[in-house]
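To keep things clear, I will list the structure first and then write my remarks on it.
The values are calculated or read from the model by the stated rules, or taken from the named source; none is laboratory data. Keep in mind the model is a prediction, meaning the values are calculated, not measured. A quick note on method: Cβ atoms are made from the backbone with ideal geometry, for glycine too, and the neighbour counts reach across all protein chains shown.
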Amino acid sequence: MATALTDDASSARFIDVSADEGVSPKPWRPLLVRRAEIEEQIARLLDKSVSPSGRRATEIVHPQSADLRGITPGMSITLNVLRPGEKLSLRRANSNSVEFAIGGEATVLAGDRRFQVGKWSTWSIPSMQRRYYANTSRQPFMWLSYSNQPLLDRLGVYFADDAEAAEPVAQAGTENHYVRGNAPDYPILGDGARLRGYEFLTDIEVVENKALVWPWSEVLPHMSEREGDGKRTIMLLYNPATERRNGTTHSFFATITSFPPGNLRPPPARGHRHSSFATNYHFVGGGSSVVDGQHFSWEAGDLMLSAPSWSEHSHGFAQEGAIVLTVQDHPFQIGIESLIWQERMDGPIRTLGSEPGQTGYVGPRLAGE
């Protein structure tokens, strides 16, 4: 017998949107975290008694983030430290992360992969893999972890537990059972639309995604170190599991910008903008940025939310040059077809990944059509 609905069973609201007009993104304001602030937190973490979990960590939180934290609505940056000889085990979670060492050395175990990381190494942590860290040096090990947990929190789907990797699921026989290999898959009208069995959703084709590491000693030889050396100034740390999304993880790309010493190059008078946000960790040299008309000067060790979503921004470099790690949610936005990009503020707005994008670069945005 069906249960009768009470009068208050529905709390839905109805809002008339017939006259709604175009809207623009509402970016958070830029944020510059100085090296001195980061060093103060490192000293505090190293001095305190270790937590029951063995973790020494603090999250860098934007003042506009409210209760769900994050340096942007879709990403958190956590500063982690381990004293010499300390070890740390972190639970598996359905978030993914890009990690970057700012000092010391450690052994990292992620899933079934074990590797060494040192200063300025970058590595990826896939979803639902336990992580283990061991400080193998005589100095503190310090690293930044860029995670998509805030986005999952805002969706209400963040999950973490202490289990190891999931056990393989026993495969049913194909007799009298549908599996992906024999599930129905019918063309509709012949123009690409298909009607597929539910098995395609519950047993998705697997693309291997393992933890990867980019040691600084392997990256540096490919970056420009002096003017005229013919090497690139911006390079992507690419994970093939992300395929056309060109990510370091499925959520983020990490790029290294190496602008060699030489002439002082101030930020261009006008910048560009994109719906993806960008954070910069400046680990060599110095320079300046202009974000929606606000001027910022930065130096090695400073961390910056340098491009809030859809904010006009441009960057320049001091005479001593600079090396910068940029982390941006480009792959996530390509995946949901929301990545819009305006290279010239008087030019077209393009949907990258869905139509032809920007070409013709000769340097970090020195040209492009």
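Residue 32 fulfils the conditions (1) in a strand (DSSP E or B); (2) closer than 19 Å to residue 123 by Cα; (3) in contact (Cβ under 8 Å) with a residue 60 or more places away in the chain except for a single criterion, (2).
Identify all residues within the stretch 343-369 that are at pLDDT 75 or above and either among the small types (Gly, Ala, Ser) or within 29 Å of residue 228 (Cα to Cα) (or both); write none if there are none.
Looking only at the stretch 343-369, we keep the residues that are at pLDDT 75 or above, and these are 343-359.
Hits for the stretch 343-369 are 343, 344, 347, 353, 354, 357, 358, 359.
Among the criteria (1) under 29 Å from residue 296 (Cβ atoms); (2) out of contact with any strand residue (DSSP E or B) (no Cβ under 8 Å at 6 or more places or on another chain), the one residue 35 does not fulfil is (2).
Conditions (1) free of Cβ contacts under 8 Å to residues at least 24 places away in the same chain; (2) among the aromatic types (Phe, Trp, Tyr), marked per residue:
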{"site": "221", "(1), (2)": "yes, no"}
{"site": "242", "(1), (2)": "no, no"}
{"site": "249", "(1), (2)": "no, no"}
{"site": "253", "(1), (2)": "no, yes"}
{"site": "265", "(1), (2)": "no, no"}
{"site": "274", "(1), (2)": "no, no"}
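The set of residues from the stretch 301-343 being of a type in the set (Ser, Thr, Tyr) and touching a Ser or Thr at 6+ places or on another chain (Cβ under 9 Å) comprises 306, 309, 314, 326, 338.
Out of curiosity, is residue 338 under 18 Å from the mean Cα position of the chain (by Cα) and of a type in the set (S, T, N, Q)? Outline the logic, then answer.
Values: under 18 Å from the mean Cα position of the chain (by Cα): yes; of a type in the set (S, T, N, Q): yes.
Judged against the criteria, residue 338 is a match.
The sole residue among 290, 327 that is modelled with pLDDT of 95 or more, assigned to a strand (DSSP E or B) and either over 23 Å from residue 122 (Cα atoms) or touching a Leu at 6+ places or on another chain (Cβ under 7 Å) (or both) is 290.
In the stretch 184-230, what count of residues is obtained for those that are surrounded by 13 or more Cβ atoms within 10 Å (Cβ to Cβ) and not acidic (Asp, Glu)?
Of all residues in the stretch 184-230, those surrounded by 13 or more Cβ atoms within 10 Å (Cβ to Cβ) come to 197, 199-200, 203, 209-216, 219-220, 223-225.
In the following step, the residues that additionally are not acidic (Asp, Glu) were identified as 197, 200, 209-216, 219-220, 223-224.
The total comes to 14.
Output yes when any residue across the stretch 81-101 is surrounded by 14 or more Cβ atoms within 10 Å (Cβ to Cβ), under 22 Å from residue 298 (Cα atoms), touching a helix residue (DSSP H, G or I) at 6+ places or on another chain (Cβ under 7 Å) and in contact (Cβ under 8 Å) with a residue 12 or more places away in the chain, and no when none is. No, every residue in the stretch 81-101 fails to be surrounded by 14 or more Cβ atoms within 10 Å (Cβ to Cβ), under 22 Å from residue 298 (Cα atoms), touching a helix residue (DSSP H, G or I) at 6+ places or on another chain (Cβ under 7 Å) and in contact (Cβ under 8 Å) with a residue 12 or more places away in the chain. Pairing each residue of the stretch 343-369 that is over 26 Å from residue 259 (Cβ atoms) with any residue that is in a loop (DSSP other than H, G, I, E, B) and modelled with pLDDT under 90, provided the two are 6+ apart or on different chains, yields C-beta distances under 9 Å for 351/357. For residue 53, the test of being loosely packed, with under 10 Cβ neighbours inside 10 Å, of a type in the set (S, T, N, Q) and assigned to a loop (DSSP other than H, G, I, E, B) is failed.
As a summary of the residue check, residue 206 satisfies the conditions (1) part of a loop (DSSP other than H, G, I, E, B); (2) closer than 27 Å to residue 328 by Cα; (3) touching a residue at least 12 places away in the same chain (Cβ under 8 Å) except for the one numbered (3).
Of all residues in the stretch 226-278, count the ones that are of a type in the set (A, V, I, L, M), in a loop (DSSP other than H, G, I, E, B) and farther than 17 Å from residue 327 by Cα. Let's see the steps before the verdict.
Keep residues of the stretch 226-278 that are of a type in the set (A, V, I, L, M), which gives 234-237, 241, 254, 256, 264, 269, 278.
If we keep only those that are in a loop (DSSP other than H, G, I, E, B) as well, we get 237, 264, 269.
Right, trim to farther than 17 Å from residue 327 by Cα and you get 264, 269.
Number of matching residues: 2.
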